Amino acid sequence: MNYRLALFSAIEGGSTFWTNEISQKGVVQVYEELVGDFYHGNRNSAEKISAKLKNVKSEELSEEILKAGGFFLSPEDESWPQALNDLVAPPIGIITTADLMQCSSVAIVGTRNPTSYGARVASEFAAGFADREWCVISGGAYGIDTSAHKGALAAEGRTIAVLASGISVNYPAGNERLFAEIRESGALISEVMPNVKARPERFLTRNRIIAALSRGTLVVEAAFRSGSLRTAREAASLYRTVMAIPGPITSPTSDGCHRLIQERCAEIVTSPADAIELMNPLTGTLSLNGA
């Protein structure tokens, strides 16, 4: 029985409580307490998780992952990205479509409704990073995410999409072809089982993974309140470099970037070279076997 995989399938990612329980007690004890209904902590959550665990078989979970073209990585694996351990609530595990090793990586994030300026900048920066053999990480969403992934691919570089859904769920559907291209030269990463659909809260929890895996996070365009700012603040809390692209003061899509700069949470950058010079070489590294 793969106890960690079973817990991964039943516990929602980003839970500090369950992460601490597993860290302190170990996966076997937490699993047995949950399945045996002996769990006395966080009872409401425990009852829901217990019900799920009683209906899963690790063999079926493994088969689902294999069928989706992925594999399960746990913190005990040699290829586990150690940068994830910097998180307050590291993932119980991740599902990925490629082996992960060490190399320089940068996150590019932003609005789902960019201006032509924002989309162009995201694509050009991603291509610039790829030319310098940096891996570009983003969230696979429409807008800045898509432009960043496409820019890296156009430069024949590596790019990783951290998804809010399972790796078999093409969300958003319009990016199905993009996800297929990312599988070929990069990786899809998820904190849920392959066929699990995206939910609003999962976009926020996956943002912490984007921030942790990267040496720095670049916000290209973002509204005054947006998930991209959440990613930037998560990166700052992990002592990663946070950068922002300035835009017209009249553009609502640049309000978030200007807010980060004004609050001194982000450095202004105007080129990939500027960004690379700012990023601390001692944090957040990631790579792909054979890529």
Next on the checklist: Looking only at the stretch 97-118, count every residue that is in a strand (DSSP E or B) and basic (Lys, Arg) and tell me the total.
Outcome noted: 0
Checklist outcome for this item: MET279 passes all but one of the listed conditions (1) modelled with pLDDT under 95; (2) more than 17 Å from PHE129 (Cα to Cα); the exception is number (2)
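If you check GLU133, GLU47, which single one turns out to be in a helix (DSSP H, G or I) and surrounded by fewer than 15 Cβ atoms within 10 Å (Cβ to Cβ)? Lay out the reasoning, then the answer.
On the way: GLU133 fails: in a helix (DSSP H, G or I).
Of GLU133, GLU47, the one residue that is in a helix (DSSP H, G or I) and surrounded by fewer than 15 Cβ atoms within 10 Å (Cβ to Cβ) is GLU47.
Could you grab me the full set of residues in the stretch 171-200 that are part of a helix (DSSP H, G or I), touching a residue at least 24 places away in the same chain (Cβ under 8 Å) and over 23 Å from TRP134 (Cβ atoms)?
GLY174
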Next on the checklist: Looking at the stretch 218-265 only, could you name the residues that are more than 16 Å from the chain's Cα centre (by Cα) and of a type in the set (Lys, Arg)?
Outcome noted: ARG225, ARG259, ARG264
Item to check | the stretch 59-81, subset touching a residue at least 24 places away in the same chain (Cβ under 8 Å) and in a helix (DSSP H, G or I), residue farthest from GLU191 (Cα to Cα) | outcome: LYS67
Item to check | Residue that is nearest to ALA122 (Cα to Cα) [pool: residues in the stretch 227-260 that are in contact with a strand residue (DSSP E or B) (Cβ under 9 Å, 6 or more places away or on another chain) and part of a loop (DSSP other than H, G, I, E, B)] | outcome: ILE245
Checklist entry - Give me the pairs: first residue in the stretch 14-30 and farther than 17 Å from SER50 by Cα and not assigned by TED's automatic domain parsing to the domain that holds GLU191, second residue assigned to a helix (DSSP H, G or I) and not polar (S, T, N, Q), beta-carbon distance under 7 Å, and six or more apart or on different chains, which are they? => result GLY14/ARG208
Checklist entry - Just to be sure, is ALA187 under 22 Å from ILE276 (Cβ atoms) and in contact with a Ser or Thr (Cβ under 6 Å, 6 or more places away or on another chain)? => result yes
Item to check | Cross-chain or 6+ apart pairs with Cβ under 8 Å, the stretch 110-130 first and among the acidic types (Asp, Glu), then at pLDDT 95 or above | outcome: GLU124/GLY151
Checklist entry - Taking the stretch 159-170 only, how many residues are under 15 Å from the mean Cα position of the chain (by Cα) and not in a strand (DSSP E or B)? => result 4
Checklist entry - Could you list, in sequence order, the residues of the stretch 181-201 that are of a type in the set (Gly, Ala, Ser) and surrounded by fewer than 23 Cβ atoms within 10 Å (Cβ to Cβ)? => result SER185, ALA198
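Could you please give the count of residues in the stretch 76-100 that are farther than 20 Å from ARG240 by Cβ and either in contact with a strand residue (DSSP E or B) (Cβ under 8 Å, 6 or more places away or on another chain) or at pLDDT 95 or above (or both)?
Residues flagged as farther than 20 Å from ARG240 by Cβ and either in contact with a strand residue (DSSP E or B) (Cβ under 8 Å, 6 or more places away or on another chain) or at pLDDT 95 or above (or both) within the stretch 76-100 amount to 8.
The values are calculated or read from the model by the stated rules, or taken from the named source; none is laboratory data. Given the structure is predicted, the values throughout are model-derived calculations rather than measurements. A quick note on method: Cβ atoms are made from the backbone with ideal geometry, for glycine too, and the neighbour counts reach across all protein chains shown.
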